[in-house]
Every structure is written in C-alpha cells, then in structure tokens.
Amino acid sequence: MTAGQSSRTAHPDRTHDGPALLGIYLNDHLMGATGGVERIRRLAGTARGTDLGAALEPVAAEVAEDRAALLAIMRDLDLPVRRYKVVAGWAAEKAGLLKTNGRLVRRSPLSTVVELEALRVAVEGKAAGWRVLRRLAETDARLDAHRLDALLERAARQQEILEDWRVRRAVEVFG
C-alpha cells in the first residue's frame, strides 16, 4: 500500500461501520439461536423416551449454552442485543409449527426428518458465525480464541449427531 492509498482502498469492503455491522450480524445469529433452542427443545421433548430423545437432550442443552455464549460474546464486544430480533426468532420458530407436512391432526413421520434437517443447517450457520469470530479473535483481544475453538468443536459434534439421526430417520420414513 502506498502512502497515498487508504486502508479502505486496500480492503474495499472494510468500513468504519464494522462494529455496527458486526452487531447486526451477531443479532441475526442470536435470532437464529433463539429459534434453534426452541426447535431442538421441542423435538427432544417430542422424542422423549426414545433413542432419538436420549441423543437430542444433551445437544439441546448445548444449543442453549451456545446461545448464552453468543450473548456473553456480544457483551464482551459491547454490542447491543436487539430484542425485536430475539422475539422474531422465537415467533418464526412458533410459526414453523403451522407446517402440516401432509397431516392436519397428528404429527407426520416426515416432521422429524425435516426438523433434524433444519437443525443440521442451523448448526452449520452457527459454526459459520463462530469461524468469523475466531478469525476476528486474531486481532481483537476481547474475543477468546480458545473459547471459540471449543464452540467450533462442539458445533462439529452437534452436526455429526444431527446428521446421523437425520439420515436414520429419512431411511426409516422413505425406505
């Protein structure tokens, strides 16, 4: 970079709005985390007493812990929590209950497959957020790189569990 070149020229996407944009990004992740906690708790409750329920209960607890970790990171970064996004995440999850999957009165076997798939995708989104924060931790001392590494490892384990059960259920339902 020459003396006359600004860092903005070297990194055209980097702006002075970075912290505000990070706040928006993390609030979007918080919205997703709120819906994810609701969804996995509901699915674990529906499957209580089964092998699936036993597999999901600890994952549900971890997903709730991950949401709390995100809130703590936002506090560490002095980023405000946008309550309307939290409410939107909760409401979107509740609205998802209206999907019938071909059955009006009782739960369709397809519902579990679709919910496991949605959770699997949600955990990948969460991991993507952790990866961004992990990269930022290289230059921002407010972010704990070791904590983010642990969150990334946990997300990978969650993905494996959800994917294993998604495929099992899909084979049962479609096979």
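Quick note: the coordinates plus some simple rules give every number you see, no bench work behind them. Since the model is a prediction, treat every value here as computed from it, not as a measurement. Don't worry about glycine lacking a Cβ; one is built from the backbone with ideal geometry, like all the others, and counts go over all protein chains shown.
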In nm², the average projected area of the convex hull spanned by the Cα atoms of segment 43-85 is 3.6
Neighbours of THR46 by Cβ distance under 11 Å: Lys/Arg at +1, Asp/Glu at -1, summed charge +4
Scoring segment 102-155 by relative contact order with C-alpha pairs under 8 Å, at least six apart, yields a percentage of 31
